[in-house]
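A short write-up of the structure that comes next.
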There are 2 protein chains.
Amino acid sequence: MSVLVVGSTAFDDVETPFGSRKACLGGSSTYFSLAAALFTEVRLVSVVGEDFPAEHKELLASRGVRLDGLEVKEGATFRWSGRYSADMNSRETLDVQLNTFGDFRPKVPEAFRDSPFVFLANGAPGTQASVLDQVPRPEFVVADTMNLWIDIARDELMALLPRIDGLILNDEEARMLTGESNLIRAGRKVLDLGPKLALVKKGEHGAFLFSSYFQYAMPAYPTEAVVDPTGAGDSFAGGFMGFLSTCDSLSLWNMKRAVAYGTVTASLTVEGFGVDRIASAGIKDVDRRFQELVQFVSV
Amino acid sequence: MSVLVVGSTAFDDVETPFGSRKACLGGSSTYFSLAAALFTEVRLVSVVGEDFPAEHKELLASRGVRLDGLEVKEGATFRWSGRYSADMNSRETLDVQLNTFGDFRPKVPEAFRDSPFVFLANGAPGTQASVLDQVPRPEFVVADTMNLWIDIARDELMALLPRIDGLILNDEEARMLTGESNLIRAGRKVLDLGPKLALVKKGEHGAFLFSSYFQYAMPAYPTEAVVDPTGAGDSFAGGFMGFLSTCDSLSLWNMKRAVAYGTVTASLTVEGFGVDRIASAGIKDVDRRFQELVQFVSV
């Protein structure tokens, strides 16, 4: 089934211990789309400036991403610059130019309004909610968020949470949102705020999945060659939602496998600069790593 | 089969966000012994001062720990004081008084020299090696180490590594020992230094097991009630070695299960101050958590 994603498209300037790249194709919705498109049709709602090259659109389209909702506005595309620490586990944002993304008002095309799976990439909770107003009856909605919104838009975020099925956030954000330093308690407490699922990302340490009925842990895929961690979280979400959209039910077992598929798509992304690796991966690469991951964790 | 452990016995003064305790029974060999004794006979080689109370010896003996190798020397028992951060993930050592442990020269009693399983708890690598000189033909030897020895006794440590089967260390120490910031590479590189197995502990993030043939990840047991993390690593080692000593082979499958059992015994330890919880646990508690852990990670 189709997956709708609403989020940013960007040019990223990235510095890592392995080198630096200017104006990589990036943004939350791009990473999500390329990961999810390994499994299913992806419907993109985002905004770019007039400087966004045709080749990027062609790349996305060639991978199965429908661009009906990619708005082109006067001005420049969102631009982000960042530098990673030597161990890749922290990064410093050097510059942010929101440009055309600054007043992004997502418009979901008529043809996308029946999307059963919806991913609200990181953004202002009010903007995320405006997407749900346009998609009347989704089957499964997952939102990402970040410390900024927990800090400055807590009320809007709290209003959004009962409207979504799953919330994705990182460990620090889960602690910040719930005030619980123990991550297991934090994850469970997210469920009290509305979502039926909480997906807590821990970077190189993998992810936890919490629901009222079960909790589940998945380590990161054991990659030895992290080149650029940008987009890992959105690629994780893309693999998770993409795989789930192909399942015949939202069972516990499928949820667990979806976390493993998300782990795999994230592992592909971080092995290249920008979208280089995830955009050249095939479902065979994904399935091979999924099997390796199952071996890696099976008792 | 019997497990020999050589390491420290201590009084710990501990401060955590949940309270503080003075003169808890502690030390690496104590935590290891209580965890391993859930599975098998444990043979302890350690040293205490004349101030070490009979009740502590009785506790250890009642749990199946043989004390033939517990030397009582003139002076005071090793004493450690520490304080944990609010999130329990870091600790500050407030005071260390080595006392009788300062010039510990382990003497393995004649009756213990046929021990098939040997655990060399954290200590000077030269001292650890002196134990192996006294145990002629062990089947399986695991050593723990720490940043201090990597720093000040690297040559002795390098001489020890080819003599042991497995090395246990934490993520920071694995990076320090190998100079690799990527933890997967670091773990694999440990194997080049001699041991057939590297067990990398990651605290709340679980553990990795590396061998030439496989690598394996286990998240921590999802405990919501961490009261005092002291001894988690040694309890992990105790569960790992204790379970393994009951297996009929050192197969991959048994190694994986041993990591899960170590994860369980560590989770029990951290739920009480000092040895309170691990010393009152039974094999039924362990087996129940083992099953929960299998569910927690199974895809």
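Identify all residues within region A:235-269 that are assigned to a helix (DSSP H, G or I), out of contact with any Pro (no Cβ under 9 Å at 6 or more places or on another chain), away from every other protein chain (no Cβ under 11 Å) and more than 21 Å from B:Phe208 (Cβ to Cβ); write none if there are none.
Across region A:235-269, the qualifying residues are A:Ser235, A:Ala237, A:Gly238, A:Gly239, A:Phe240, A:Met241, A:Gly242, A:Phe243, A:Leu244, A:Thr265.
Can you tell me which residues in region B:278-299 are away from chain A (no Cβ under 14 Å) and without any contact (Cβ under 8 Å) to a residue 40 or more places away in the chain?
B:Ser280, B:Lys284, B:Asp285, B:Arg288
Suppose we keep only residues that are assigned to a loop (DSSP other than H, G, I, E, B), of a type in the set (Ser, Thr, Tyr) and within 12 Å of another protein chain (Cβ to nearest Cβ) within region B:170-224. Which one would you say is nearest to the chain's Cα centre (by Cα)? Walk me through how you get there before you give the answer.
Here is the first cut: in region B:170-224, the residues assigned to a loop (DSSP other than H, G, I, E, B) are B:179-182, B:193-196, B:202, B:206, B:211-214, B:219-224.
Pick out the ones that are also of a type in the set (Ser, Thr, Tyr) and you get B:181, B:211-213, B:221, B:223.
From the residues that got through so far, the ones that are within 12 Å of another protein chain (Cβ to nearest Cβ) too are B:181, B:213, B:221, B:223.
Values: B:Ser181: 24, B:Tyr213: 24, B:Tyr221: 17, B:Thr223: 19 Å.
Per the criteria, the residue is B:Tyr221.
Out of B:Thr269, B:Thr230, B:Thr263, which single residue is at pLDDT 95 or above, within 20 Å of B:Ser62 (Cα to Cα), of a type in the set (S, T, N, Q) and under 18 Å from the mean Cα position of the chain (by Cα)? Give the derivation first.
Working: B:Thr230 fails: within 20 Å of B:Ser62 (Cα to Cα); B:Thr263 fails: within 20 Å of B:Ser62 (Cα to Cα).
The unique qualifying residue is B:Thr269.
What tally of residues in region A:177-195 results from selecting those that are out of contact with any Asp or Glu (no Cβ under 8 Å at 6 or more places or on another chain) and of a type outside the set (Val, Ile, Thr)? Steps first, answer last, please.
First, the residues of region A:177-195 that are out of contact with any Asp or Glu (no Cβ under 8 Å at 6 or more places or on another chain): A:177-180, A:187, A:190-194.
With of a type outside the set (Val, Ile, Thr) added as a condition, the list becomes A:177, A:179-180, A:187, A:191-194.
Matching residues across region A:177-195 total 8.
For region A:82-102, enumerate the residues that are surrounded by 13 or more Cβ atoms within 10 Å (Cβ to Cβ) and over 22 Å from A:Ser267 (Cα atoms).
Here is the first cut: in region A:82-102, the residues surrounded by 13 or more Cβ atoms within 10 Å (Cβ to Cβ) are A:82-84, A:87-89, A:91, A:96-101.
Result: A:Val96, A:Gln97, A:Leu98, A:Asn99, A:Thr100, A:Phe101.
Take the conditions of a type in the set (Ser, Thr, Tyr) and over 19 Å from the mean Cα position of the chain (by Cα) and apply them to A:Thr100. Does it pass? Don't jump to the end; show me each part of the working.
Working: of a type in the set (Ser, Thr, Tyr): yes; over 19 Å from the mean Cα position of the chain (by Cα): yes.
Yes.
With the checklist (1) crowded, with 17+ Cβ neighbours inside 10 Å; (2) charged (D, E, K, R); (3) over 13 Å from A:Leu34 (Cβ atoms) in hand, flag the one item A:Asp234 doesn't pass.
Answer for A:Asp234: the failing condition is (3).
What's the total number of residues in region B:180-197 that are of a type in the set (Val, Ile, Thr) and over 18 Å from A:Gly206 (Cβ atoms)? Spell out how you get there, then give the answer.
Applying the first criterion (of a type in the set (Val, Ile, Thr)) to region B:180-197 yields B:184, B:190.
If we keep only those that are over 18 Å from A:Gly206 (Cβ atoms) too, we end up with B:190.
Final tally of qualifying residues: 1.
Keeping to region A:225-234, report how many residues are touching a Phe, Trp or Tyr at 6+ places or on another chain (Cβ under 6 Å) and not in a loop (DSSP other than H, G, I, E, B). Give the derivation first.
Looking only at region A:225-234, we keep the residues that are touching a Phe, Trp or Tyr at 6+ places or on another chain (Cβ under 6 Å), and these are A:227-228, A:231, A:234.
Cutting the leftovers down to not in a loop (DSSP other than H, G, I, E, B) gives us A:234.
Residues that pass the stated criteria total 1.
The values are calculated or read from the model by the stated rules, or taken from the named source; none is laboratory data. Given the structure is predicted, the values throughout are model-derived calculations rather than measurements. Cβ: placed from backbone, ideal geometry, glycine included. Neighbour counts: every protein chain shown.
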